[in-house]
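The values are calculated or read from the model by the stated rules, or taken from the named source; none is laboratory data. The model shown is predicted, which means the values in this text are computed figures rather than measured ones. FYI the Cβ positions are ideal-geometry reconstructions off the backbone, even for glycines, and counts take in every protein chain you see. Just so you know, the surface numbers come from the protein's heavy atoms only, side chains and all, with ligands and any DNA or RNA stripped out. Shrake-Rupley method; radii C 1.70, N 1.55, O 1.52, S 1.80 Å.
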Amino acid sequence: MNGWEELTSEKEIITVIGAGGKSTCIRYLAEKYASMGKRVLVTTTTHMRRPLTGACLRGTAEEILQTLEGTGYAVAGIPLKEGSVDKIKGLPPEILSQVIAKADVTLIEGDGSRGLPVKVPAPHEPVIVPQTTKILLLAGLSCLGSELGEICHRRELAARILNCSQEHRITPEDLAVLLREGYLLPLRETCKDIPVTVILNQGDTRERREKASKCRQLIKDMPVVITSLSKGKTYDSIF
């Protein structure tokens, strides 16, 4: 198991934010922890796509806890529709507290990105519950070399940070700035006691991993890993 995946406390509450693979990351970790015999709860504080399996969708504590005890794995949230897409939204705080108390590991999607590989959050984002013990901040390396307006959620905020146009093509240096200004600096103020790991995902090619290494060098005082979560891989080097 790679360092960023390791459980560091008896009861872990991991909030996954950013863009470029949050759902894949949560599914990957849920399967890994469940295979270790952990009782795993998956939920959201915003909106996430309704999973095809393992879902407890009424949002009652009794239903969720019964599933956790029975199968060791539950996906919990309140169902809703966004256009033609089935999604779930976050549980009421009192129910969330009850079910977190019974799970060994809780994985929470705390951010929406509309399926794009990079994002700059609005002031009310991300939504991180105070029980969180670890934050994973994702960015998708498929954004590199593409036009900002095509690959970024809240592209107007990103253009303001980078002082560029929507046609500007994203560099590793740009990605580091967006992560730092959009997420890492605000998190130091709002979640200063919660450890953060940056995950540069979609490192499917050597070229992407080489660019990711440049980005990693620019992110200071923070663990940064390069992954291809769709392949279940973490890269210790670009090779």
The stretch 7-48 - residue that is under 12 Å from the mean Cα position of the chain (by Cα) and open to solvent by 50 Å² or more (accessible area, probe 1.4 Å) and, of those, nearest to H153 (Cα to Cα): S23
In a helix (DSSP H, G or I) and in contact (Cβ under 8 Å) with a residue 60 or more places away in the chain: does that describe I108? no
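Report yes if some residue within the stretch 67-90 is closer than 30 Å to C164 by Cα and of a type in the set (A, V, I, L, M, F, W, C); otherwise report no.
Residues of the stretch 67-90 that are closer than 30 Å to C164 by Cα, as a first pass: none.
No - not one qualifying residue is present in the stretch 67-90.
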Residue pairs within 9 Å by beta carbon, gap of at least six or interchain, first lying in the stretch 59-87 and touching a residue at least 60 places away in the same chain (Cβ under 8 Å), second open to solvent by less than 10 Å² (accessible area, probe 1.4 Å) and part of a loop (DSSP other than H, G, I, E, B), listed first then second, are none
